[in-house]
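Visitor: I'd like to ask some things about the structure below.
The values are calculated or read from the model by the stated rules, or taken from the named source; none is laboratory data. Every value quoted in this text rests on a predicted model; they were computed, and no experiment measured them. Cβ sites come from the backbone with ideal geometry, for glycine too, and all protein chains shown count toward neighbours.
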Amino acid sequence: MMLKRNPFSCNLTIIVEMTLSEFSFEPLRKRDRDACAEMIISTLGNEAKPYADKNTVKKALYGDKKVTLVARRKERISGLINGTLLGFPRIMFLTVADEQSAREGLGGMLIDQFVKEIKKISPHAKLILHNEFADNFNAIGLYSVKGFKVTGFIKDPITNRDVVFLEKSV
Ligand SMILES: CC(C)(COP(=O)(O)OP(=O)(O)OC[C@H]1O[C@@H](n2cnc3c(N)ncnc32)[C@H](O)[C@@H]1OP(=O)(O)O)[C@@H](O)C(=O)NCCC(=O)NCCS
């Protein structure tokens, strides 16, 4: 039996994706760096403080070997994901700005978009890494659902808090 390719299947997928999600995703624009750094600092709260004054976060978001994707609902920034391409690709910051977007699954969509972007930039990448505070249950739950596995633990020397190493094969 010969299977025929449905010429409409590809377009249909795109329409379904657009209908299901009100978010659009784009690389960080330079002019949004301040707003994004502030969003990260405010949603991470105390966890960010040992690492993250605004200037340090801004430098992490934009520049060579940095990947930052911003999610917008209409024109408003609803979340972002950021990482580096030094060595293995690594997610550094993931933040959803409001409860509604979190409940609509924006965190997971941002991880999916990041993986797609990494495969586009580095088609040979095999792994994506992330370190997370062990008590950030929401984040670890989300990364697990998205296929990340725990590969190790460390006591963070700056904060003295437990950190888990996560990785996903891509
Ligand atoms: C980590 C994160 C992206 C996970 O998102 P997610 O798994 O898709 O969604 P969550 O399960 O966290 O969101 C649902 C819950 O969080 C709340 N929530 C998430 N982001 C929120 C926000 N910015 N403002 C208010 N409430 C928020 C929701 O109300 C909901 O509460 P519940 O625990 O009573 O059910 C999200 O929790 C977040 O942005 N956290 C702050 C940043 C952070 O810790 N990032 C990881 C380290 S880089």
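Visitor: Take the conditions within 13 Å of the ligand (Cβ to nearest atom) and at pLDDT 95 or above and apply them to residue 118. Does it pass?
Guide: Details: within 13 Å of the ligand (Cβ to nearest atom): no; at pLDDT 95 or above: yes.
It is false that residue 118 is within 13 Å of the ligand (Cβ to nearest atom) and at pLDDT 95 or above.
Visitor: Report whether or not residue 132 is under 19 Å from residue 151 (Cβ atoms) and not aromatic (Phe, Trp, Tyr). It would help to see each step written out before you state the result.
Guide: Numbers: under 19 Å from residue 151 (Cβ atoms): yes; not aromatic (Phe, Trp, Tyr): yes.
Against the criterion (under 19 Å from residue 151 (Cβ atoms) and not aromatic (Phe, Trp, Tyr)), residue 132 qualifies.
Visitor: What strands (runs of 3 or more DSSP E) completely inside the range 80-156 contain at least 2 residues that are buried (at least 17 other Cβ atoms within 10 Å of the Cβ) and not polar (S, T, N, Q)? Please lay out each step first, then the result.
Guide: Details: elements: 90-96, 127-133, 149-155.
In the range 80-156, 90-96, 127-133 are the strands (runs of 3 or more DSSP E) which contain 2 or more residues that are buried (at least 17 other Cβ atoms within 10 Å of the Cβ) and not polar (S, T, N, Q).
Visitor: Are there any pairs, at least 6 apart or on different chains, whose C-beta atoms fall under 6 Å, with the first in the range 70-92 and among the β-branched types (Val, Ile, Thr) and the second surrounded by fewer than 17 Cβ atoms within 10 Å (Cβ to Cβ) and part of a loop (DSSP other than H, G, I, E, B), and if so, which?
Guide: From residues that are among the β-branched types (Val, Ile, Thr), the pairs are 84/65.
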